[in-house]
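**Q** I have a structure here, written as structure tokens, and I will follow up with some questions on it.
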Amino acid sequence: MNRIFSGVQPTGNLHLGNYLGAIRNWVRLQADYDCIFCVVDMHAITLWQDPAQLRAHVREVAAAFIASGIDPEKHILFNQSMVPAHAELAWIFNCVARMGWLNRMTQFKDKAGKNRENASVGLFAYPNLMAADILLYKATHVPVGEDQKQHLELTRDVAQKFNNDYKVDFFPIVEPLIFGAATRVMSLRDGSKKMSKSDESDYSRINMTDDADAIALKIRKAKTDPEPLPESTAGLERRPEAANLIGIYAGLSDSGVDEVCRRFAGSPFSEFKKELADLAVAVLSPIQDEMRRLMKDQTQIDSVLRQGAERAAAVAAPIVREVKEIVGYLRP
């Protein structure tokens, strides 16, 4: 069976965009792939994190995965720092990847901003660690959003260069899995910007921990335009806020955007928002209830992560051992 690797940073405030754009799709992939899901806490510390909050966020992300339908018994769920082989392979890839490749990474430019010289080396070399995450398990496919495609291309370049440098056919050339509808959930305050945990306004996103009242309030306050809802997708052109809300409804209801447009054609946003809020609460409430139950018992979450790390390490061990042999390290 083909193998998937995918992960989420534990930096707090998982939101509806994470659920519709990633987690829900991962749940569905479990039937057809051997899946490894990772809470990437090593990536998280490329920017400073409060240690206590980092530990809490790791548990929260793991709880969200399980509550959403990730099965940690059939598949592997763990946090990255528990498997040291990620760091070992990342160093080897630091010596394979080229500076020019990393200099082209747009996410580093975005995150470093004007303080590029003060950015951590870890933030700059982030894509090499991401390549190590994937190739450590010889994953064949990675579900990615549009903003991660460039990093996956670098993973493919690293795999190919390693194979060429050492004249082996060892690492697979990983294929992306890109999902269509509802992969880009936008801000509730600005339909031109992606929904983000880093947005200063909490009203810009629906957090996975928001209760029913908070969800309804945020949807009611979501930015719209004065026109009624259109009868087809064509009517959403140059209406980013309308397109976003209809896209969210389509994602939550597992229906097409055109279908949602036909159902609500001509309706005012006040009526549509009530329907959307009811739907969002109905979909998210069972997940939130299970998250709260899991978070009350940290020992259960820690046990799942520990057992997942043991299974992940067992998969990684022969692969990293062979990599060391290929590179020329002496056997211990």
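**Q** For segment 23-39 and segment 138-175, what is the separation of their Cα centres, given in Å?
**A** That distance is 19 Å.
**Q** Where does the charge balance sit around Arg55 when Lys and Arg score +1, Asp and Glu -1, over other residues with C-beta under 13 Å from its C-beta?
**A** Summing Lys/Arg as +1 and Asp/Glu as -1 gives -3.
**Q** Just how large is the dipole of the chain about the Cα centre, in debye to the nearest 20, putting +1 at every Lys and Arg Cβ and -1 at every Asp and Glu Cβ?
**A** 660
**Q** Going by average Cβ neighbours within 10 Å, how do the peptides 102-109, 15-22 rank, with the highest at the top?
**A** So the order, starting with the most tightly packed, is 15-22, 102-109.
**Q** How far is it, in nm, from the label point at Asp254 to the one at Ile173 when both lie 7 Å from their Cα along the line to the Cβ?
**A** 3.6
**Q** Give me, ordered by chain and number, the residues 5 or more places off Cys35 or on other chains with an amide H under 5 Å from its own placed amide H.
**A** HN-HN under 5 Å from Cys35: Ile4, Ile76.
**Q** How long is the gain from Leu330 to Ala31 if the chain were fully straight, where each residue apart is worth 0.36 nm and the alpha carbon distance is subtracted?
**A** Net length gain for the segment: 103.6 nm.
**Q** Further question on the same structure: Quick one: which residues, 5+ away or cross-chain, put their amide H under 5 Å from the amide H of Leu177? H built at 1.01 Å from N.
**A** Val142, Val144
**Q** Then there's this: Let me check I've understood the local charge: for Val168, count other residues with C-beta under 11 angstrom from its C-beta, Lys and Arg +1, Asp and Glu -1. What total comes out?
**A** Counting the neighbours of Val168, the net charge comes to -3.
**Q** Then there's this: Among the aspartates and glutamates, which fall within straight-line cross-link reach of Lys221, defined as a Cα-Cα distance under 20 Å, with same-chain neighbours fewer than 8 residues apart omitted?
**A** By straight Cα distance, Lys221 reaches Asp190, Asp199, Glu200, Asp202, Asp210, Asp211, Asp213, Glu241, Glu271, Glu275, Asp278.
**Q** Could I ask something else about it? Just to be sure I understand the model, the point goes 7 Å from the Cα along the line to the Cβ. What's the resulting Leu279 to Asn163 distance in nm?
**A** In this crude spin-label approximation the distance works out to 4.3 nm.
**Q** Going by average Cβ neighbours within 10 Å, how do the peptides 298-304, 243-249, 189-195 rank, with the highest at the top?
**A** Output ranking for 298-304, 243-249, 189-195: 243-249, 189-195, 298-304.
**Q** What order do you get for Val58, Val327 when you list them from fewest to most C-beta neighbours inside 10 Å?
**A** Ordered by Cβ neighbours within 10 Å, fewest first: Val327, Val58.
**Q** Please give the calculated 222 nm ellipticity per residue for the chain, where each DSSP H segment of at least 4 residues contributes -39500 (n - 2.57) and the sum is spread over every residue; nearest 500 deg cm²/dmol?
**A** Estimated from H runs of four or more residues: -16500 deg cm²/dmol.
**Q** Given N residues in segment 202-293, what is Rg(Cα) / (2.2 N^0.38 Å)?
**A** Against the empirical 2.2 N^0.38 Å value, I get 1.09 for segment 202-293.
**Q** Find, among the GluC sites (Glu not before Pro) in segment 232-332, those assigned to loop by DSSP (not H, G, I, E, B) with at most 15 other beta-carbon atoms within 10 angstrom.
**A** Glu237
**Q** Length gain on complete extension for the stretch Glu227 to Trp48, per 0.36 nm per residue less the alpha carbon to alpha carbon distance?
**A** Separation in residues times 0.36 nm, less the Cα-Cα distance, equals 60.0 nm.
**Q** Arranged from highest to lowest average of other beta-carbon atoms within 10 Å per residue, in what order do the peptides 209-215, 35-41 appear?
**A** Going from most to least packed, we get 35-41, 209-215.
**Q** Starting with the fewest neighbours, write out Val323, Val315 ranked by other beta-carbon atoms found within 10 Å of each beta-carbon.
**A** With the fewest neighbours first, Val323, Val315 line up as Val315, Val323.
**Q** Placing +1 at every Lys and Arg Cβ and -1 at every Asp and Glu Cβ, with all other atoms neutral, what dipole size does segment 202-293 have around its Cα centre, in debye to the nearest 20?
**A** 220
**Q** A follow-up question, please. What is the order of Trp26, Trp48, Trp101, Trp91, fewest Cβ neighbours within 10 Å to most?
**A** Trp48, Trp91, Trp101, Trp26
**Q** Ok, one more. Modelling each spin label as a point 7 Å along the Cα-to-Cβ direction, I'd like the Asn94/Lys296 distance in nm, to one decimal.
**A** Modelled inter-label distance: 4.5 nm.
**Q** Using the membrane-span-like helix rule (whole DSSP H runs, Cα extent along the own axis of at least 30 Å, mean Kyte-Doolittle hydropathy at least -1.0), which helices of the chain qualify?
**A** 269-295, 298-327
**Q** Sticking with this one: In a shell of Cβ-Cβ distance under 12 Å around His43, excluding His43 itself, what net charge do Lys and Arg (+1) and Asp and Glu (-1) give?
**A** In short, -1.
**Q** Once you've got the GNM for the chain with C-alpha springs shorter than 10 Å, pick whichever of Lys74, Lys223, Lys273 has the biggest mean-square fluctuation.
**A** Lys74
**Q** Quick one: of the DSSP bridges fully inside the chain, what percent are antiparallel, nearest 5?
**A** Of all bridge pairs located within the chain, approximately 10 percent are antiparallel.
**Q** Right, here's the next one. Taking 26 Å as the cut-off for C-alpha to C-alpha distance, list the pairs among Lys138/Lys296; Lys138/Lys194; Lys149/Lys197; Lys74/Lys149; Lys193/Lys218; Lys223/Lys296 that go past it.
**A** In this structure, Lys138/Lys296; Lys138/Lys194; Lys74/Lys149; Lys223/Lys296 lie more than 26 Å apart at Cα.
Throughout, read-outs are computed from the coordinates displayed, never taken from laboratory work. Predicted model, so just to flag it, every value in this text is computed and none were measured. We place every Cβ from the backbone using ideal geometry, glycine too, and count neighbours over all the protein chains shown.
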